[in-house]
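Undergrad: Let me give you the structure first, and then I'll get to my questions.
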Amino acid sequence: MQNYFLVCGLGSLGQNCVVALKQFQLQVVAIEQQKQTQDWEIPHLSQLLDELIIGDCRKTEILKQAKIDKCRAALIVTSNEKVNAETAIAIRQLNPQTRLILRSDKENLNQLLSQQLGNLIAYEPTQLPAPAFALAALGTEILGLFQLGQSRIKVIKRQIQPNDPWCYGVLLYELNTSNRRLLMHIPYQAAVTRLGSYYWDFETKIEAAAQNPQYLLRNNFHHWEFETKIEIGDTLIYAEVVEQLVFETPKIVKTKSQTPREKAKDLVSSWRVRLQNFWQLSFQQQIQGVAILCGLVVCLLLIVGTILFDLYYPETNFISAFYATAILLLGGYADLLGDFEPIPSIPWWLQLFALILTVMGTAFVGVLYALLTESLLSSKFEFIKSRPPVPQSDHIVIIGLGRIGRKVASLLQEFNQSVVGVSFSLDFDRTILPEMPLIVGNLNDALAKVNLETAKSVVVTTDDEMLNLEIALMAKSVNPKTYLVIRTYGQDLSKHLSQLLPDARILEAYTLTAEVFAGAALGENIVSIFPLGNQNILATEYIIEANDTLSNLLISEVAYGYRVEVISHQKPEQNLNLMPSGDIPLAAGDRLVVLANVEGLQRIEQGKLQLEYKCYFVRIEKMYDDNAILEGRNFVIRVTGCSLNLAVEFFNNIPGTLNIPLYKQQAMLLVLGLNKRQFLASLFDKPTI
């Protein structure tokens, strides 16, 4: 098979998949059901495609026209899951080797198809970016979170403060331990030189440091100086193994007990405020207020009428007077006083009052009937467990409870966060997430009930970009301090929103998902994805084969040569090794999980080791203890992977230089290790030609 990749369906996800695949410099063929009559969501998409075929991707002749016999992988990403399944079956009949990446959320069907067709993996695109949304909503320093074996790996952004224990003479290389790996170091001086101010946001800081020639931070890991001291204001990005996550929960503030006088004063004040704000309420809330007022008036009329009839109608008693007043309020004037003959036992003014009771009762009781009818219709007779009340402060509001919204809410509940869900669909299934406060209604009414003024974060995940923009602006106007997380689909809107709302977190759902699909198309398993500054980082699992681009390399050569970070390694039938040492040689059958952006995965795919960085040499000037030769020799072999003969020759010619080019951090580790083993070693670089 040649390096052809097929994309079936050019909706939003399909277009982003084309862009992601072209970043790997691959040949992409696409099949679309209908000819595009308008501009693509992604500009110049047709120029990215090597061939575009109009037709039904399920048909054999269309698949043959798309060179399916030469396709290494097929990304089947139409919006119709039935079409996706039929296309996968048709492709497998034509090409038994093509890797199939399916868009589907039917877990059982996906598993059965994988067993029957082989070399198939399925993803639900709306749920892949959910962890990124959930972590962004927390507003914490955690950028990524995923599971490896029995442990969790979190990726942390940490800005060094004056009281931070790491700012007292700690060197960068000392942060790398058995459960931690440093990914990026963004020096304060690099960013402040560019910006000229101490204040900046995280993404701007990365961008500023990336434009400084001394720090190539934008696309790669490991561009940090080995023995640099950590300074106040520096930002560190690192991956760490954690056993259990602990997030801050809202604090409950206890108030002092009040005296009865203070309570009465507060009660009067609160009622005054309520009356002042009554006309500022929404229409629905005003109707409810009027209904309560009507109920009070009806009760008052019932009491007054009962007393008057009991006193001025001698032929009745208190109970009969009560029933007569109730009948009048329910419109029963004709039943009691409707005869043409005068009733001398009842004064004329009491008969007039009875008529007034009927008129007022008809109006006020009618309002109560209307409210009761509305409540019954809106509830649709769903008698379910009542939900918790809306929190008063420090909560997260999730607006839009589609698949991604529900997944985000579920994750935040796992993190013990106070969450409120908002849905604009009256048909929303109210049995979903029963422990979460839920508001269902139109936009204005729903936002008025979720306490936006005191919310910690607002996550907007509806399927309508313009509605997301409207909600974000409304939330920002109500609470300028709230942390906004906004779901978008297009790159242009994301850029504009970043300028309009610089403090908001803008996440392109399909861009995140497309990179997962593209990585899976190359034969890898994408464990997780999360945004880091202006790029997306993928946790990618590799199963090493005999002749692929990772075989026979040291872990350190993979990390420094491809500019990725290796966070786990596992040999066949052995336990998972997290944050492995760089001196482990890789062989066929090994499993490797790396953190990398698209450029890093592209380098691995094409086998392009960045040998221009492999230009450092180690020299030993002196040996303090002759007995250290054996240990030093073994250490050199382990770190560099050189042969025994070369290591023996090196130690037999001290002072001398090890004639093996190394990556800078690899050479620094070797120097530090030799100095600890009774040698005086140093490194120097040799200009490359």
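The values are calculated or read from the model by the stated rules, or taken from the named source; none is laboratory data. In this text, all values refer to a predicted model and were calculated from it rather than measured experimentally. So basically every Cβ, Gly included, is an ideal-geometry build from the backbone, and we count neighbours across all protein chains shown. Just the protein is used for accessible areas: all its heavy atoms, side chains included, with ligands, DNA and RNA removed. Shrake-Rupley method; radii C 1.70, N 1.55, O 1.52, S 1.80 Å.
Undergrad: Does Val478 qualify as being aliphatic (A, V, I, L, M), surrounded by 18 or more Cβ atoms within 10 Å (Cβ to Cβ) and either over 23 Å from Tyr123 (Cβ atoms) or within 20 Å of the chain's Cα centre (by Cα) (or both)?
TA: no
Undergrad: Something else now. Before we move on, is Phe617 surrounded by fewer than 21 Cβ atoms within 10 Å (Cβ to Cβ) and assigned to a strand (DSSP E or B)? Please lay out each step first, then the result.
TA: On the way: surrounded by fewer than 21 Cβ atoms within 10 Å (Cβ to Cβ): yes; assigned to a strand (DSSP E or B): yes.
Against the criterion (surrounded by fewer than 21 Cβ atoms within 10 Å (Cβ to Cβ) and assigned to a strand (DSSP E or B)), Phe617 qualifies.
Undergrad: Considering the stretch 44-75 alone, what residues qualify as being out of contact with any strand residue (DSSP E or B) (no Cβ under 6 Å at 6 or more places or on another chain), surrounded by fewer than 17 Cβ atoms within 10 Å (Cβ to Cβ) and over 20 Å from Gln15 (Cβ atoms)?
TA: Lys59, Thr60, Glu61, Lys64, Asp69
Undergrad: Inspect all residues belonging to the stretch 24-37 and state whether any of them is modelled with pLDDT under 90, part of a helix (DSSP H, G or I) and closer than 30 Å to Asn597 by Cβ.
TA: Looking through the stretch 24-37, none of the residues is modelled with pLDDT under 90, part of a helix (DSSP H, G or I) and closer than 30 Å to Asn597 by Cβ.
Undergrad: Same structure again: Take the residues in the stretch 145-168 that are touching a Ser or Thr at 6+ places or on another chain (Cβ under 9 Å) and assigned to a loop (DSSP other than H, G, I, E, B), then tell me which one is nearest to Asn179 (Cα to Cα).
TA: Among them, the one singled out is Gly149.
Undergrad: Something else now. Inspect all residues belonging to the stretch 641-655 and state whether any of them is touching a Pro at 6+ places or on another chain (Cβ under 8 Å) and surrounded by fewer than 20 Cβ atoms within 10 Å (Cβ to Cβ).
TA: The answer is yes, given that some residue of the stretch 641-655 is touching a Pro at 6+ places or on another chain (Cβ under 8 Å) and surrounded by fewer than 20 Cβ atoms within 10 Å (Cβ to Cβ).
Undergrad: When only residues in the stretch 585-600 that are under 11 Å from Val558 (Cα atoms) and over 31 Å from the mean Cα position of the chain (by Cα) count, which is surrounded by the fewest Cβ atoms within 10 Å (Cβ to Cβ)? Working first, answer last.
TA: Just the residues of the stretch 585-600 that are under 11 Å from Val558 (Cα atoms), to begin with: 585-586, 592, 594, 600.
Narrowing further to those that are over 31 Å from the mean Cα position of the chain (by Cα): 585-586.
Details: Pro585: 13, Leu586: 21.
Among those that are under 11 Å from Val558 (Cα atoms) and over 31 Å from the mean Cα position of the chain (by Cα), it is Pro585.
Undergrad: Taking the options Gly533, Gly582, Gly523, Gly519, name whichever one is surrounded by fewer than 23 Cβ atoms within 10 Å (Cβ to Cβ), out of contact with any Gly (no Cβ under 9 Å at 6 or more places or on another chain) and either under 28 Å from Ala122 (Cβ atoms) or of a type in the set (D, E, K, R) (or both).
TA: Result: Gly523 is the single residue among Gly533, Gly582, Gly523, Gly519 that is surrounded by fewer than 23 Cβ atoms within 10 Å (Cβ to Cβ), out of contact with any Gly (no Cβ under 9 Å at 6 or more places or on another chain) and either under 28 Å from Ala122 (Cβ atoms) or of a type in the set (D, E, K, R) (or both).
Undergrad: While we're here: Are there any pairs with C-beta distances below 9 angstrom linking a residue in the stretch 469-489 that is in contact (Cβ under 8 Å) with a residue 60 or more places away in the chain to a residue that is surrounded by fewer than 18 Cβ atoms within 10 Å (Cβ to Cβ) and assigned to a helix (DSSP H, G or I), with the two at least 6 apart or on different chains, and if so which?
TA: Close Cβ pairs (under 9 Å, with a partner that is surrounded by fewer than 18 Cβ atoms within 10 Å (Cβ to Cβ) and assigned to a helix (DSSP H, G or I)) amount to Ile471/Leu443; Arg487/Glu465; Tyr489/Glu465.
Undergrad: Please go through the stretch 620-650 and give me each residue that is of a type in the set (A, V, I, L, M) and closer than 17 Å to Gly582 by Cα, ordered by number.
TA: Scanning the stretch 620-650 gives Val636, Ile637, Val639.
Undergrad: Also, I was wondering about something else. How about the stretch 76-107: which of its residues are outside any helix (DSSP H, G or I), at pLDDT 90 or above, among the hydroxyl-bearing types (Ser, Thr, Tyr) and open to solvent by less than 20 Å² (accessible area, probe 1.4 Å)?
TA: The answer is Thr98, and nothing else.
Undergrad: Quick one: in the stretch 536-548, which of the residues that are within 30 Å of the chain's Cα centre (by Cα) and open to solvent by 30 Å² or more (accessible area, probe 1.4 Å) is nearest to Val18 (Cα to Cα)?
TA: Ranking the candidates gives Glu541 first.
Undergrad: Search the stretch 549-579 for residues being under 33 Å from the mean Cα position of the chain (by Cα) and acidic (Asp, Glu), and hand back the single one that is most open to solvent (accessible area, probe 1.4 Å).
TA: By that ranking, first place goes to Glu557.
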